[in-house]
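Some notes on the structure that comes next.
The values are calculated or read from the model by the stated rules, or taken from the named source; none is laboratory data. Every value quoted in this text rests on a predicted model; they were computed, and no experiment measured them. As a convention, Cβ positions derive from the backbone with ideal geometry for all residues, glycine included, and neighbour counts pool all protein chains shown.
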């Protein structure tokens, strides 16, 4: 089954298993392609668009594209990096993200990408949407100001029958990720922790849990996101 | 209510995949989907309640609360605006005493906006309790609202004759007009139901695919993918269970030709599906049709029955042993994005109409994960004629790269709006002469997702060599305010219709709209025009065609009408926040009887 294939990312010869998703295949070769909605072990959804690369000249998301023999991939280019930075900015201005006051600060992937792509001030105007902090569940708090609608919780947090704890509501710019009241009322502490961990930002928080890691020891305190792949 | 809902769910065997039908049936029965039954419905379908809410809240026409005994959906597309929609809207509000977006306090009348309903050649138009009303004027609105207050059934409110052709048949009875202005050589070639099918079964299935490939027929919905190739890809799949879908979700504003085809020649469309079924060995077909065309349902269902009786659908079709194929009709519930083929499949599976990641393509993994061919209404109708008369006959029409004919939907400022079947290769200039349009300032080719061209570009030709299009042409007279009336309307359309899945398409159009407002309000500077172009670029990173093209109204209007933008921006300054302090606090100043010092 695992046929090895060769492909090229920004001139670098790479090798991986045929059909593996490009984000993972690149990782095997020490190449970092930024991701946000992708999560190891979950079926990719391609919703944040940050991992967009050019495969044989065409735009495609690396998290959903399987690698094949001879693919030529552009990843670290001025054009792609600029749009990635734009996407990060879009996510910042479309919500209400106040990093210093956020429990996930230092462990937040959106914040880490902001640093990695050297976002100073976003080019877009802030939307300042009015969003609620939904603290009506026994185990978790759903902080809608920080949700980036990546669908990781929707895809990853399910009960034993495969029912989703989280889902989208509405459409377009009014979309929200909301939680199921019935399932939430029976959510176990472990499931709640899993939900918080699967969230790339600080939108799903376990109740009564605040800052417990000192600054300096958090995930992205000492090296930019992605360097764990590049310096392997 | 509970029993009714339970009965409906049982009718669909608690099948989660039939959620659209379940929800539409509940709404038809009760007028809305009572929210307190959501948990019960979810439990019956073995999904969580939020998964159900997710689907309901996605579709424009699904509602969780009563929207009035009479629910008015007034189209807000650009052509409606050009035909004095504002006056109609105002009259509705004045007469019913309720503002758009609301239901009157007595629960009698609800007024709502809706995206293009496929009536651009007879605007302003509205759907009231699933009955189509066209060519509305303030006078007519007064009569309609008076009828509502008397409790008259909507079917009895019409004062016009029913429209021509099948529109006045017993099963439709709609005032909708076909406005067939030009009968072309393909769709109006004399037709005998079964003529294509009977010929196809004398051929090997592979030869049918070959014939379609040789005809160079390309998808008539707008994307222009070679039809024969699509069939061949599907046929190559190892999976034997396959599906044929007809995409009748035409939602591109300014497009209405599929409505005319489905009204006048539905048998040809269904026959095209059966031919596709024969070619790739599919046993079932689904027509995914937009909710706006609900008034055609009885007629289309009856047409399917007639075809079954004539042995052109069902088992052993046309006497061919083992050739089984049948079709069912799947209604949507109001979402432009469902015209995108993978979103269409998601919707047909009872989910939100969010496009899928590709690969895999629907021909490999489509409906319920099985290989699926999705073809446009017009494409399928043409298949019948190609099989009947041969691919050479077809390629002799049109141009080198664009074989055959195209059905155009023409609206806007011209004397004869309607549908025209023409051979590919005509210039836009020819088209304007054909439809009686003069003093043209601009033409929108291909709807909002297409391009806005200027008078210098009128020699450009319709065809895949230059302007490949699904056939929507909207004409704007020189008196129109292109940015305010057209570009703004289209941009709002894309904001309304984004599914919200991609970060780019969910957020960028709204930001562009704010920028556009800044320019229209007189606060713009030259940099704002450049920002509009630059900021639109991330839309190309979206998953689907809607996202890719959501910036087109702005990008192509700046490309071709930059002078209009330049006229609006301030030349004497290069920076303006767009924020006017005095204006922003005016109301509170008045209330407190104080003035500002700025």
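Summary table below
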item: 2 or more residues in contact with a strand residue (DSSP E or B) (Cβ under 8 Å, 6 or more places away or on another chain): qualifying helices (runs of 4 or more DSSP H) within region B:498-597; result: B:552-568
item: Residue within region B:525-534 that is farther than 30 Å from residue B:415 by Cβ, surrounded by fewer than 22 Cβ atoms within 10 Å (Cβ to Cβ), under 25 Å from the mean Cα position of the chain (by Cα) and at pLDDT 95 or above present; result: no
item: Scope region A:46-55; condition touching a helix residue (DSSP H, G or I) at 6+ places or on another chain (Cβ under 9 Å) and at the interface with another protein chain (Cβ under 7 Å from one of its Cβ atoms); matching residues; result: A:47, A:48, A:49, A:52
item: In region B:480-496, the residues that are touching a strand residue (DSSP E or B) at 6+ places or on another chain (Cβ under 8 Å) and either within 14 Å of chain A (Cβ to nearest Cβ) or outside any helix (DSSP H, G or I) (or both); result: B:480
item: Residue that is crowded, with 21+ Cβ neighbours inside 10 Å and within 14 Å of another protein chain (Cβ to nearest Cβ), where the choices are B:500, B:470, B:447; result: B:500
item: Top-ranked residue of region A:165-177 - restricted to ones that are facing chain B (nearest Cβ under 8 Å) and surrounded by fewer than 22 Cβ atoms within 10 Å (Cβ to Cβ), ranked as nearest to residue B:45 (Cα to Cα); result: A:169
item: Matching residues in region B:112-147 - criterion: being assigned to a strand (DSSP E or B) and either modelled with pLDDT under 95 or farther than 27 Å from residue B:470 by Cα (or both); result: B:112, B:128
item: Within region B:545-555, considering residues that are surrounded by 22 or more Cβ atoms within 10 Å (Cβ to Cβ) and either more than 17 Å from residue B:452 (Cα to Cα) or more than 11 Å from chain A (Cβ to nearest Cβ) (or both), the one farthest from the chain's Cα centre (by Cα); result: B:554
item: Top-ranked residue of region B:36-51 - restricted to ones that are within 7 Å of chain A (Cβ to nearest Cβ) and either in a helix (DSSP H, G or I) or buried (at least 18 other Cβ atoms within 10 Å of the Cβ) (or both), ranked as nearest to the chain's Cα centre (by Cα); result: B:51
item: Some residue of region A:20-28 being more than 9 Å from every other protein chain (Cβ to nearest Cβ), exposed (fewer than 15 other Cβ atoms within 10 Å of the Cβ), free of Cβ contacts under 8 Å to residues at least 60 places away in the same chain and within 13 Å of the chain's Cα centre (by Cα); result: no
item: Residue within region A:76-95 that is more than 14 Å from every other protein chain (Cβ to nearest Cβ), out of contact with any strand residue (DSSP E or B) (no Cβ under 6 Å at 6 or more places or on another chain) and farther than 23 Å from residue B:537 by Cβ present; result: no
item: Pair list, Cβ < 9 Å and 6+ apart or interchain, from region A:116-131 residues that are more than 10 Å from chain B (Cβ to nearest Cβ) and on the phi > 0 side of the Ramachandran plot to residues that are surrounded by 11 or more Cβ atoms within 10 Å (Cβ to Cβ) and modelled with pLDDT of 95 or more; result: A:118/A:85; A:128/A:93; A:128/A:96
item: Residues of region A:151-165 classified as in contact with a strand residue (DSSP E or B) (Cβ under 8 Å, 6 or more places away or on another chain) and either assigned to a loop (DSSP other than H, G, I, E, B) or within 17 Å of residue A:207 (Cα to Cα) (or both), total; result: 4
item: Region B:404-440, residues that are in a strand (DSSP E or B) and either out of contact with any strand residue (DSSP E or B) (no Cβ under 8 Å at 6 or more places or on another chain) or more than 28 Å from residue B:227 (Cα to Cα) (or both); result: B:412, B:440
item: All positions within region A:150-164 that are within 19 Å of the chain's Cα centre (by Cα), more than 7 Å from every other protein chain (Cβ to nearest Cβ) and touching a residue at least 12 places away in the same chain (Cβ under 8 Å); result: A:150, A:151, A:152, A:153, A:154, A:155, A:156, A:157
item: Complete set of residues in region B:343-362 that are farther than 17 Å from residue B:57 by Cβ, within 12 Å of chain A (Cβ to nearest Cβ) and under 20 Å from the mean Cα position of the chain (by Cα); result: B:355, B:356
item: Selection status of residue A:23, in a strand (DSSP E or B), out of contact with any helix residue (DSSP H, G or I) (no Cβ under 6 Å at 6 or more places or on another chain) and outside the structural domain of residue A:198 (by TED's automatic domain parsing); result: no
item: Restricting region B:52-65 to residues that are within 7 Å of another protein chain (Cβ to nearest Cβ) and farther than 10 Å from residue A:180 by Cα, the residue that is surrounded by the most Cβ atoms within 10 Å (Cβ to Cβ); result: B:58
item: Output for region A:179-195, where each listed residue is without any contact (Cβ under 8 Å) to a residue 40 or more places away in the chain and within 14 Å of chain B (Cβ to nearest Cβ); result: A:180, A:182, A:183, A:186
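Let's see how each residue does on (1) in contact with a helix residue (DSSP H, G or I) (Cβ under 8 Å, 6 or more places away or on another chain); (2) surrounded by fewer than 17 Cβ atoms within 10 Å (Cβ to Cβ); (3) farther than 25 Å from residue B:416 by Cβ; (4) facing chain A (nearest Cβ under 9 Å):
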{"position": "B:519", "(1), (2), (3), (4)": "yes, no, yes, no"}
{"position": "B:523", "(1), (2), (3), (4)": "no, no, yes, no"}
{"position": "B:541", "(1), (2), (3), (4)": "yes, no, yes, yes"}
{"position": "B:561", "(1), (2), (3), (4)": "yes, no, yes, no"}
